[in-house]
Amino acid sequence: MFETLLKYFQHSPLSLWGPFFVLVLCGLGLPIPEDIVLVTAGALGQNEGRSWIEVSALMYAGVMIGDSTIFMAGRFLGGKLRGARWFQRFFSAKKQAKVEDLFDRYHSMVLFVGRFLPGLRAPIFFTAGSTRVRFWKFFLLDGLAALLSVPFFVWLGHWLWVLFKDDLAELERTLSRTQALGLWVALAVGAAAVVVILVQMRRSARKGE
């Protein structure tokens, strides 16, 4: 998938905006691994002399637009879409039950974890919208998770391109070894950050009593 995206967008007017629009569609359920798109964006940015921070900012916007769109679809169309047969092909009753179970167990924190669950990401955000979760809460938790994962994978693509450039076979082998590790590191850091924030909020609430 990395090589396909790279060849399609390299030396093209869409070298920057192509991955952006793909990320928006990923947020809506397009079955392409988001991290691969981000790595591709980082490699393309390095190839064209762009800062990985600049690329990360645009890719972050693409991720959040896609996620917010599926959230709003749940908010305004959730009841109608759930009963549609074509919709149930993508969001089966079994998957709906699994997502609802995650919300029952972890409440709003599933919005943070959802960023790291590709097969359930769109259903989680859609369910959040349809169950009237506040948008600011969704945007905060999803945005925090994306703030960890997006820059990491863009930087990873940038770094891999510096190391291997046209040796795509070696690049993809290295990517496969670092991909899963990067996700777990980002998830662990994010979970620690959330715990710290919650502890600080509870302390502040106690002081105000």
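Quick look at the numbers
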{"quantity": "Residue within segment 16-29 that is closer than 17 Å to residue 149 by Cβ and modelled with pLDDT under 80 present", "calculated": "yes"}
{"quantity": "Options 102, 120: the member that is more than 11 Å from residue 71 (Cβ to Cβ) and more than 15 Å from the chain's Cα centre (by Cα)", "calculated": "102"}
{"quantity": "Residues located in segment 140-157, provided they are in contact with a Ser or Thr (Cβ under 7 Å, 6 or more places away or on another chain) and either crowded, with 23+ Cβ neighbours inside 10 Å or of a type in the set (A, V, I, L, M, F, W, C) (or both)", "calculated": "141, 150, 154, 156, 157"}
{"quantity": "Residue 91 being touching a helix residue (DSSP H, G or I) at 6+ places or on another chain (Cβ under 9 Å), buried (at least 18 other Cβ atoms within 10 Å of the Cβ) and modelled with pLDDT under 75", "calculated": "yes"}
{"quantity": "Tally of residues being crowded, with 16+ Cβ neighbours inside 10 Å and either in contact with a Gly (Cβ under 8 Å, 6 or more places away or on another chain) or not aliphatic (A, V, I, L, M) (or both) across segment 128-138", "calculated": "4"}
{"quantity": "Odd one out for residue 5, checked against (1) part of a helix (DSSP H, G or I); (2) more than 18 Å from the chain's Cα centre (by Cα); (3) modelled with pLDDT under 80", "calculated": "(2)"}
{"quantity": "Some residue of segment 107-122 being surrounded by 16 or more Cβ atoms within 10 Å (Cβ to Cβ) and under 17 Å from residue 77 (Cα atoms)", "calculated": "yes"}
{"quantity": "Flag for residue 24 being of a type outside the set (D, E, K, R) and in contact with a Gly (Cβ under 7 Å, 6 or more places away or on another chain)", "calculated": "yes"}
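The values are calculated or read from the model by the stated rules, or taken from the named source; none is laboratory data. Keep in mind that this is a model prediction, so the values were computed, not measured. Cβ atoms come from the backbone with ideal geometry, glycine included; neighbour counts cover every protein chain shown.
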